[in-house]
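What follows is a short report on a single structure.
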Amino acid sequence: MRNGEADAVLADLDFLVPIVEASNGELMFVGEPVPLGGGIGMGLRQSDTELRDTFDAVIGEMKADGTLNTMLKKWFGDDTQTFE
């Protein structure tokens, strides 16, 4: 956002609070907090089709070989939602 490549960001509130507080008013929260629910998303420019395709392929491979579930459990605990 600071370099002008994005107008807004949707991310974890706990991650953003210290960044916004350190911005000396340059950044601010708008609207109400949005619960993310049962998943995580990523925003990419529509023109970044090659990047999107690369992410899709790698995430698909990680799902298939179990790597993604291993990482999810490592970082979010054994009770986290995983992929079958």
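The values are calculated or read from the model by the stated rules, or taken from the named source; none is laboratory data. Keep in mind that what you see is a predicted model, and the values were worked out from it rather than measured. Please note: Cβ atoms are built from the backbone with ideal geometry, for glycine as well, and neighbour counts cover all protein chains shown.
Key figures
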| read-out | value |
| --- | --- |
| Scope segment 53-84; condition exposed (fewer than 10 other Cβ atoms within 10 Å of the Cβ), free of Cβ contacts under 8 Å to residues at least 40 places away in the same chain and not in a helix (DSSP H, G or I); matching residues | G77, D78, D79, E84 |
| Flag if M1 is at pLDDT below 90, in contact with an Asp or Glu (Cβ under 8 Å, 6 or more places away or on another chain), part of a loop (DSSP other than H, G, I, E, B) and among the aliphatic types (A, V, I, L, M) | yes |
| Qualifying residue in segment 13-23 (condition: more than 15 Å from the chain's Cα centre (by Cα), of a type in the set (D, E, K, R) and not in a helix (DSSP H, G or I)) | no |
